[in-house]
Amino acid sequence: MSASRLDQLLDDRQRGSTLPQAFYTDPEVFAADIDRVYSRNWLFAGHSCQLRRSGDYVTFDTGPIALIITRDDDGVLHALANTCRHRGSRILSKTCGHAGKLVCPYHRWSYASDGSLTQAKWMGDGFRKDAYGLVRSHVREIAGLIFVCVAEDPPDFDLAHAAIAPQLAPHGLERAKVCAVEDYEIKANWKVVFENNRECYHCPSGHPEYTRINFDIGMPGDQRVGSDYEGILASRRARWHANGLAHTEQVNFPNGSWFRCARMPLREGFVTESLDGRPVAPLMGDLTDPDAGSLRIIAFPNAWFHANSDYFNSTQLIPVGPNRTRARIVYLVHEDAREGVDYDPARVTEFWKVTTEQDWRLCENNQAGIESRDYRPGPLSPVTESGVETLATWYLDQLRSPAVTRRSHACSSA
C-alpha cells in the first residue's frame with residue numbers, strides 16, 4: 001500500500017467512531033496490519049508447559065511469520081524460523097511435538113534445538129555449518145505464557161512482565177497440562193474479533209450464560225457503576241489478599257502499551273466460569289481457595305486469557321485474510337489432574353464453547369454488515385465502548401509508524 005493512501009485512510013478516521021470500511025476489508029490494509037502490527041509487536045505463541053523437555057516444540061504461524069519455539073538442553077527457550085537455510089523448505093508441519101533434532105524433510109539438513117546446523121551432507125569443501133543456523137526471533141515468557149517478536153527492536157517487555165507475572169504466577173501455568181484445544185475459523189477481520197472482546201455492550205443480549213456468572217461492567221473505560229459490583233469487588237479483594245493473592249491491582253494499557261491485567265470478581269454464589277459456577281477441575285498451582293475471581297489478561301494484537309482457580313484458557317488470534325481469522329483456544333488444568341476422574345474436558349470447555357461461539361456469530365454478522373455498500377463508521381458509546389477506542393488508538397499508532405526491520409540473526413553452531 002502506498003504511504004499516501006495509508007495516510008489518507010488514517011486521516012479519514014474520526015476519534016470516537018468505528019474505523020472506515022477499508023480497515024476491515026482491504027487486502028492492502030491487511031498486508032499493512034501484518035507488516036506494521038504483527039511484525040512489530042510481541043505475539044502470544046504458546047504455553048511453556050508444552051515444552052517441558054529438551055526437544056519439545058510448538059509451531060507458530062501468522063501470515064509470513066512461521067516459527068518453531070523449542071527448549072534446548074539447558075532449558076532455554078528459542079524462537080526459530082521454520083524455514084530451512086538450504087532452499088527454504090518448511091521444517092516442521094505439526095503444531096506441537098517432540099524432536100531430538102529439527103530435520104528438514106526435503107534434503108535432511110538437521111538442526112539442534114537451539115537452531116544451530118548440525119548436519120548438511122554433500123555441501124563440498126569450505127562449507128561452514130556455523131554460517132547457516134536457523135534465523136532467530138526474540139522470545140520471552142511471563143509465568144508460563146510464551147511471547148515472540150520478529151522485529152529487530154521489539155517493544156518493551158519488562159513492564160508487562162512486572163505487571164502480569166505476580167498476578168498470574170499463583171496459577172502455576174508452567175507446570176500445568178493441556179486439557180483441550182479448540183480451533184475455529186471466523187469469517188471476520190481480526191480487528192472485528194478483538195473489538196468484540198473489548199466491550200460488554202453486547203453481553204446482556206448476546207451472552208446470557210456469561211452474564212449469569214460475570215458482571216457486564218468493570219472493564220476499563222466502562223462508565224457504568226453499580227453498588228453491588230463495587231461492594232463485591234471490595235470484599236473479594238480483601239479475601240484474595242488474605243489468601244495470598246497480594247497483587248490484585250488493575251493494570252490497563254499503561255502509557256498506551258499493549259497489555260492489560262485485572263482480577264475480576266464473579267457474581268455471588270459462583271466461584272468459576274462454568275455453566276453452573278462450580279469448579280470443573282482441581283485448584284491450579286498454589287491456589288488454596290476456589291473463590292479467586294477471574295484473572296483477565298489482554299495482549300494486543302493477538303491474544304486474551306482467563307485464569308480461574310480451577311482452569312486456564314488462552315484465546316489466540318491468527319489473521320489469515322481481510323475477512324478471515326483463525327482462533328485457537330487452549331485449556332490448561334493442574335498437572336496432576338486425571339482426566340475422567342478429576343475433570344471432564346467437555347465440562348471444562350463448555351462455558352467458553354457456548355460464549356465464544358456466540359461471539360463468533362456476532363463477529364461474522366458484524367463483518368457482513370461492514371462489507372455492505374451502506375456501511376459508514378458509527379459512533380462508539382462513551383459509556384460502554386471506550387475499550388474499543390483504546391484498541392483503535394493503539395492499532396492506528398502502529399500503522400503510523402514506519403515498517404519494521406525483520407530480525408535476521410541466525411544461530412551459529414557451538
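Please treat every number below as a calculation from the coordinates, not as lab data. Since the model is a prediction, treat every value here as computed from it, not as a measurement. We place every Cβ from the backbone using ideal geometry, glycine too, and count neighbours over all the protein chains shown.
Descriptive notes on the structure:
- Here the chain is treated as an ellipsoid with the same Cα gyration tensor; its semi-axes, largest first and in whole Å, are 36, 29, 18.
- Links that overshoot a 30 Å alpha carbon limit, given the list 191/353; 177/353; 101/353; 94/121; 94/191: 101/353
- Building the convex hull from the alpha-carbon atoms of segment 217-285 and averaging its projection over directions returns 6.2 nm².
- Hull volume in cubic angstrom per residue (convex hull over the Cα atoms of segment 159-395): 121
- Zone residues, segment 59-82, relative to residue 326, backbone N less than 15 Å from point 7 Å out along Cα-to-Cβ: 59-69, 82
- Sequentially through segment 64-71, phi angles give Karplus couplings (6.51, -1.76, 1.60; θ = phi - 60°) of x, 7, 9, 10, 10, 9, 10, 10 Hz, Gly and Pro residues having no value and appearing as x.
- Cα-based shape type of segment 321-414, given that a ≥ b ≥ c are square roots of the gyration tensor eigenvalues and the cut on a/c is 1.5: oblate
- Rounded to whole numbers, the Karplus 3J(HN,Hα) couplings from phi for segment 178-184 are 6, 9, 6, 9, 10, 10, 9 Hz, using 6.51 cos²θ - 1.76 cosθ + 1.60 with θ = phi - 60°, and x at Gly and Pro.
- Cα gyration tensor shape of segment 103-199, rounded if a/c is under 1.5, else prolate or oblate by comparing a/b with b/c: prolate
- Residue ranges 2-13, 144-155, 35-46 sort as 35-46, 144-155, 2-13 when ordered by packing (mean number of other C-beta atoms within 10 Å per residue, highest first).
- Ranking 112, 146, 91 by Cα position along the charge dipole of segment 43-149, where only Lys, Arg, Asp and Glu carry charges on their C-beta atoms, puts 91 farthest toward the positive end.
- Only DSSP H runs of four or more residues enter the estimate; each adds -39500 (n - 2.57), and after division by the residues of the chain the mean residue ellipticity at 222 nm equals -8000 deg cm²/dmol.
- Ranked from largest, the principal axis spans of the Cα set of segment 21-74 equal 48, 15, 14 Å.
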